[in-house]
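Q: One structure, as structure tokens, below. Some questions next.
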Amino acid sequence: MSDASFDVRPWRWSVIPVPASLQTSQAAAFPPGQHSQALFERAHAVFPDGTTRITVERDPVPRYIARAEGAYLTDVDGRRFLDLNLNFTTLIHGHAFEPVRAAVESQMRSGTCFANPTEAEVELASVLCARVPRLERLRFVNAGTE
């Protein structure tokens, strides 16, 4: 067991304690840019605590992201970062993965969202039922509480 001293910060700043030595290095090595600072100031007017996410590191200011591709993020100040989070691992192929982007663009040409059923949802449900042994039928919902 390590005897490293951890500075446990408020829950709204980080879900994982970060050693004080790394916090100091991070703040010195990657200070927020001017555009991120300006956006954070504007955000305080419309979001409690200046952000909509309690799990985003923001010591002292979060880096606002302008774009991403593959494993890299580019912030609004033009700086490039390796994204070790990938939206909490939901982006297993990375940002803007070409096959996913092509599929989304193709669907956008056919329409974006319908209140009526579609052939695609029947196809997806059929694939899921075939892959999961005890799944006979299913219902797609948007939050799980319907």
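Every number here is computed from the coordinates shown, using simple stated rules; none is lab data. Remember, it's a predicted structure, so these values are computed and weren't measured experimentally. Here the Cβ is made from the backbone with ideal geometry for all residues, glycine too, and neighbour counts use every protein chain on show.
Q: Among His35, His44, His95, what is the fewest-to-most ranking by other Cβ atoms within 10 Å?
A: His44, His35, His95
Q: As a footprinting exposure proxy, order Cys129, Cys113 by other Cβ within 10 Å, with the fewest listed first.
A: With the sparsest Cβ surroundings first, the list reads Cys113, Cys129.
Q: Could you give the length gained on full extension between Val127 and Phe97, defined as 0.36 nm per residue of separation minus the Cα-Cα distance, in nm?
A: Working: separation 30, 0.36 × 30 = 10.80 nm, distance 2.26 nm.
Here the answer is 8.5 nm.
Q: Can you tell which of Cys113, Ala103, Ala125 lies farthest toward the positive end of the dipole of region 87-146, using +1 and -1 charges on the Cβ of basic and acidic side chains (Lys, Arg; Asp, Glu)?
A: Ala125
Q: For Asp83, which sequence-distant residues (separation of 5 or more, or a different chain) have an amide H within less than 5 Å of its own amide H, given hydrogens modelled in the peptide plane?
A: For Asp83, whose amide H was placed from the backbone, the distant partners under 5 Å are Tyr72, Leu73.
Q: Treat the count of other C-beta atoms within 10 Å as a stand-in for reagent exposure and order Tyr64, Tyr72 from fewest to most.
A: With the sparsest Cβ surroundings first, the list reads Tyr72, Tyr64.
Q: Okay, next question. I need the phi-derived Karplus couplings for region 86-91: 6.51 cos²θ - 1.76 cosθ + 1.60, θ = phi - 60°, integer Hz, Gly and Pro marked x.
A: Computed from phi, the couplings for region 86-91 are 6, 6, 6, 6, 6, 9 Hz.
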